[in-house]
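Enquirer: Attaching a single structure in structure tokens format; questions to follow.
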Amino acid sequence: MTATPTAPQPAATSAPLDIDASCRAPLLALFLSAALWLVLGTACTLLASIKLHVPHLLADCSALTYGRIRPAGLDCFLYGFGLQAGLGVGLWLLCRLGRTALLGSGVALFGMAFWNLGVSLGILGILIGDSTGYPAFELPRYAAGFLFFGYILLAIPAVMTFHARRPGLLYPSQWFVLGSIFWFSWIFSTAGMLLLCSPVRGVVQSSVSWWYANNLSEIVLGFMGLASIFYFIPKLVGRPLHSAPWAAFVFWMMTLFGSWAGLPEGSPLPIWVGSMSTVGTVLMVVAVLAVALNFYHTVRLNVNTLDADPTLRFCYVALIFWLIASAQQIIGALRGVNALTGLTWFGVAQKELQYYGFFALGMFGAIYYILPRLLQSTWCPHLLKAHFWLSLLGIVTLYLSHVIGGVMQGILLSEARNSFIDVLRSTMMAVRIGTLGELLIFVGALVFLLNFVKILSETGQRLRGDIMGRLS
Amino acid sequence: MNSGPLLFLGLLFTMACSWLTFVMGPQLQVGRMQPATNLVSQELYPNPYEGVSGQGSQVYRANGCVSCHSQQIRAKSFGPDMAHYLAIRPSTAYDYLYDQPVLLGDQRIGPDLAAVGLHFDRAGLLQKLYEPRLSAPGSVMPSYRYLFETRKITFAPSTNALALPPQLAAPAGYEVVPTPAAEELAGYLLSRRQNVFIYFAPPPPTNAPATNAPVKK
């Protein structure tokens, strides 16, 4: 725990330009496919949300029924966008912080191809009715094999690059990236073995699938988002991170106890399982406080920096959403609150804030920083601003409507005399406002893709111009 | 925290803690669970031979019913689940012994289905799948029209044909019949009862005197 709290500084030996050149091909491919999956995923969840208003819409088409299109949309987001964007940002951070060029970029490209094949097969599988049914793990068995193989191929360059780092202190973002990469290989293989290959019996399946879903969202995606935040906020504010030991404390608290969260009390599992999970969740309070204090002391509420850089703006908002989402998870795990809000929209809202609010915004911030350096080009600032505001408004609308709807549903259902269908009718209005949020998020994703295509085509034109200039 | 191997060992340890607690722990305790004894009939519960309802669970899984319906009745201390979903007792781990996959669910956009088989008959369930808003106006459940077939009546009307009100009825000479998938799904839902009393879920106490003395006749 001796890392000096300095903002990461690339050494002169391996210049950032060389590093970026080595990352160019795999990262471009990862980010572009992530952006495409994001648009597809948000389109699917938007359609699912509209179906709550108009249950008759496309009711004859089995592939587009709510129970298939909603998990398909979420899995597009988690596996198509989430892990690809996260691994792309993670690889870049490992290169920059290790002051070394990316090793094995060809392997990473292969891995990306397999991964995308797996996600495509999986989403098609869900739509034709091959979903496994487990939350956040709906991709069928034939897709999981491709995913795992592709993932290993993507993880090998990360480990090789980390191993080839120049001597020096490790920065917190490096731990978070490595933790995330290690964690996913373990939870994915466990879930694959125990749910798909030789399924465990009875409610143990629920234990494994809840454990998997929580670790995917809290640790794998959570650590990728935190890695980005821990790197970019100190760097762009121009101050060293206040305390690396605090960051290490957060890291170990999250791996030790954050990985326990997500198994609700009151389920038919043995009682101690839910209780242990609640204990672990509540212990995360110290991690959340440590992150908040660490960044408070790093930034010192220097609000002037807020508009300095789009990446910084995305990272600030992502950080705030992480704090809120984690606080909500802790409060929701308490027994009295869980008895009210368990199995309502409340939990859905927490996941949405974690996915769209914290993780996606953290990734956008990082991509807005990394991509211009890979391409030596610039984003369209108007589209960038539009993307930020659309995402922010969308997430706030979605989150608030679902939290309010969930709490209302929980309170009304706690009275035995309110019939379920009456409660549904009176809370659906709050929930339906969330469709507006889904729409804004979808349009935001489209704007992001548009900006991506624009920067690519501008770079292409510039390169063509250069080549023509040299030829003539 | 500056050495790669140490970082790896630390991750291995924390991961192992989580894995041992939430994967290995439940497996050791309930992974090899055997059927319980039905307190009333002394038969084994649950019964592994459910026939058509087993295939129905695959229809349930494929169409993502778990996106909106849970199948777990929580005890009274977690709210009036039993009153809302008309269940007889809270769910226990035994109820899911032969389910594949086990879909407890995370969210209730629609009601819990753990005891749905106690309160519907086959015709009512099929009608609900075809048009949920007939029996529950304001419901947001999709109409599963693709699980039904509108076909011409060739010889005599099918005994399986849905009884539908005039605004939904098939045109003259046609009838709406459930596909095998719909029949299997209905069979599966009818099998969701959780009404067998076992040691871990005994019948509610009656007003009988608290004594072991034989009842005098």
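Enquirer: How big, in percent, is the set of alpha carbon pairs in segment A:321-446 lying more than 21 Å apart?
Expert: 48
Enquirer: If I take all pairs of Cα atoms in segment A:1-142, what percentage of them are more than 18 Å from each other?
Expert: Pairs farther apart than 18 Å: 63 percent.
Enquirer: Between A:Val286 and A:Ala21, what is the label-to-label distance in nm when each label sits 7 Å out along the Cα-to-Cβ direction?
Expert: Going by the 7 Å Cα→Cβ label model, 4.8 nm.
Enquirer: Where the only charges are on Cβ atoms (+1 Lys, Arg; -1 Asp, Glu), what is the dipole of chain A about its Cα centre, to the nearest 20 debye?
Expert: Dipole size: approximately 660 debye.
Enquirer: Where does segment B:1-75 land on Rg/Rh, using Cα atoms and the Kirkwood Rh?
Expert: 1.21
Enquirer: Next up: Write down Rg/Rh for segment A:398-442, rounded to two decimals, with Rg from the C-alpha atoms and Rh from the Kirkwood relation over Cα pairs.
Expert: Checking Rg against Rh, the ratio lands at 1.07.
Enquirer: Work out from phi, with θ = phi - 60° and the Karplus expression 6.51 cos²θ - 1.76 cosθ + 1.60, the ³J(HN,Hα) of each residue of segment B:176-187, listed in order in whole Hz, and give x for Gly and Pro.
Expert: For segment B:176-187, the Karplus curve yields 9, 10, x, 6, x, 4, 5, 4, 5, 4, 4, x Hz.
Enquirer: For a quick check: sort B:Thr159, A:Thr435 by the number of other beta carbons within 10 angstrom, fewest at the front. Provide the component values of the computation, followed by the final result.
Expert: Numbers: B:Thr159 6, A:Thr435 20.
Starting with the residue having the fewest Cβ neighbours, the order is B:Thr159, A:Thr435.
Enquirer: Computed over the Cα atoms of segment B:75-164, what is the convex hull's projected area averaged over all directions, in nm²?
Expert: Convex hull of Cα atoms, orientation-averaged projection: 8.1 nm².
Enquirer: With N denoting the number of residues in chain A, provide Rg(C-alpha) divided by 2.2 N^0.38 Å, to two decimal places.
Expert: In units of the globular-protein estimate, chain A measures up at 0.96.
Enquirer: To one decimal place, what orientation-averaged projected area in nm² is obtained for the convex hull of the Cα set of segment A:93-153?
Expert: 4.8
Enquirer: Can you give the FRET efficiency to the nearest 0.05 for A:Leu456 and B:Gln100, using r as the Cβ-Cβ distance and R₀ = 56 Å?
Expert: Once the sixth-power term is evaluated, E becomes 0.75.
Enquirer: Between B:Ser135 and A:Ile433, what is the spin-label point distance in nm, taking each point 7 Å from the Cα along the Cα→C-beta axis?
Expert: 3.4
Enquirer: Compute the angle between helix B:4-19 and the longest alpha-carbon principal axis of chain B, please, reported from 0 to 90 degrees and rounded to the nearest 10.
Expert: Between the helix axis and the principal axis of chain B, the angle is about 60 degrees.
Enquirer: Further question: Above 16 Å lies some portion of the pair distances; for segment B:45-128, what is it as a whole percent of all C-alpha pairs?
Expert: 57
Enquirer: Can you compute the FRET efficiency between A:Ala113 and A:Arg335 using 1/(1 + (r/R0)^6), with r the Cβ-Cβ distance and R0 = 60 Å? Round to the nearest 0.05. Before the final figure, lay out each step's value.
Expert: On the way: r = 47 Å, r/R0 = 0.78.
Here the calculated transfer efficiency is 0.80.
Enquirer: Once the Cα atoms of helix A:141-163 and of chain A are each reduced to a long axis, what angle between those two axes, in degrees from 0 to 90 to the nearest 10, is obtained?
Expert: 40
Enquirer: Give me the percent relative contact order of segment A:1-150, please, defined on Cα pairs under 8 angstrom at least 6 residues apart.
Expert: It comes to 30 percent, rounded to a whole number.
Enquirer: Under the rule of at least 5 residues apart or a separate chain, name every residue whose amide H is placed under 5 Å from the amide H of B:Phe148.
Expert: Those qualifying (amide H under 5 Å, at least 5 residues apart or on another chain) are B:Thr179.
Enquirer: How high is the relative contact order of segment A:371-436, given as a whole-number percent (alpha carbon pairs under 8 Å, six or more residues apart)?
Expert: 38
Enquirer: Once Rh is set to the Kirkwood radius over Cα pairs, what Stokes-Einstein translational diffusion coefficient, in µm²/s, holds for segment A:135-208 at a temperature of 20 °C and a viscosity of 1.002 mPa s?
Expert: Answer from the Stokes-Einstein relation: 151 µm²/s.
Enquirer: Further, regarding this structure: Provide, in order from the shortest bin, the percent of all Cα-Cα pairs of segment A:197-323 in each 5 Å bin, continuing until the bin that contains the maximum pair distance.
Expert: Result, from short to long distances: 2, 10, 18, 19, 15, 12, 9, 7, 5, 3, 1, 0 percent.
Enquirer: Taking the Kirkwood radius as the inverse of the mean 1/r across Cα pairs, report the Rg/Rh of segment A:385-472.
Expert: Across segment A:385-472, the Cα-based Rg/Rh ratio is 1.44.
Enquirer: List the residues whose amide H sits under 5 Å from the amide H of B:Ala36, counting only those 5 or more places along or on another chain, with H placed 1.01 Å from N in the peptide plane.
Expert: Under 5 Å from the amide H of B:Ala36: B:Tyr45.
Enquirer: Next question, about the same structure. Going by C-beta contacts inside 10 Å, put A:Met112, A:Met408, A:Met363 in order with the fewest on the left.
Expert: Ordered by Cβ neighbours within 10 Å, fewest first: A:Met408, A:Met112, A:Met363.
Enquirer: So which of A:Lys51/A:Lys351; A:Lys51/A:Lys454; A:Lys351/B:Lys128; A:Lys51/B:Lys152; A:Lys351/A:Lys454 end up more than 29 Å apart by C-alpha?
Expert: Numbers: A:Lys51/A:Lys351 20 Å; A:Lys51/A:Lys454 33 Å; A:Lys351/B:Lys128 31 Å; A:Lys51/B:Lys152 31 Å; A:Lys351/A:Lys454 31 Å.
From the list (A:Lys51/A:Lys351; A:Lys51/A:Lys454; A:Lys351/B:Lys128; A:Lys51/B:Lys152; A:Lys351/A:Lys454), the Cα-Cα distance tops 29 Å for A:Lys51/A:Lys454; A:Lys351/B:Lys128; A:Lys51/B:Lys152; A:Lys351/A:Lys454.
Enquirer: From the alpha carbon gyration tensor of chain B, can you work out the equivalent ellipsoid semi-axes (sqrt of 5 times each eigenvalue) and give them in Å, largest to smallest?
Expert: Working: eigenvalues 309, 169, 55 Å².
One finds semi-axes of 39, 29, 17 Å for chain B.
Enquirer: I would also like to ask the following. Quick one: Kirkwood hydrodynamic radius for segment A:22-79, alpha-carbon pairs, angstrom, one decimal?
Expert: Values: mean 1/r = 0.0808 Å⁻¹.
Result for segment A:22-79, one decimal place: 12.4 Å.
Enquirer: Pop out the ³J(HN,Hα) list for segment A:194-210 in order, Karplus 6.51 cos²θ - 1.76 cosθ + 1.60 with θ = phi - 60°, rounded to Hz; leave Gly and Pro as x.
Expert: 8, 10, 10, 7, 10, x, 6, 9, x, 5, 4, 4, 5, 4, 5, 6, 5
Enquirer: Per residue, how much space in cubic angstrom lies within the convex hull of the C-alpha atoms of segment A:62-202?
Expert: In segment A:62-202, the Cα hull volume divided by residue count equals 103 Å³.
Enquirer: Moving on. Let me check against my output: what whole-number percent is the relative contact order of chain B, with C-alpha pairs under 8 Å and at least 6 apart?
Expert: 26
Enquirer: How large is ³J(HN,Hα), in whole Hz, for each residue of segment A:425-435 in order, when computed from phi with the Karplus curve 6.51 cos²θ - 1.76 cosθ + 1.60 and θ = phi - 60°, using x for Gly and Pro?
Expert: Values per residue, Gly and Pro as x: 4, 7, 9, 4, 4, 4, 5, 5, 4, x, 4 Hz.
Enquirer: When 1/r is averaged over all different Cα pairs and the result inverted, which Kirkwood radius in Å belongs to segment B:123-183?
Expert: 12.0
Enquirer: Shifting gears a bit: With the crude spin-label approximation of a point 7 Å out along Cα→Cβ, what separation in nm comes out for B:Leu44 versus A:Ala308?
Expert: Going from the B:Leu44 label point to the A:Ala308 one covers 7.0 nm.
Enquirer: Same structure, new question: So, with +1 on the Cβ of K and R and -1 on the Cβ of D and E, and no other charges, what is the size of the charge dipole of segment B:60-217 about its Cα centre, to the nearest 20 debye?
Expert: Roughly 420 debye, rounded to the nearest 20.
Here, each number is a calculation from the coordinates, and none is a lab measurement. Predicted model only: the values in this text are computed from it and were never measured. Cβ atoms come from the backbone with ideal geometry, glycine included; neighbour counts cover every protein chain shown.
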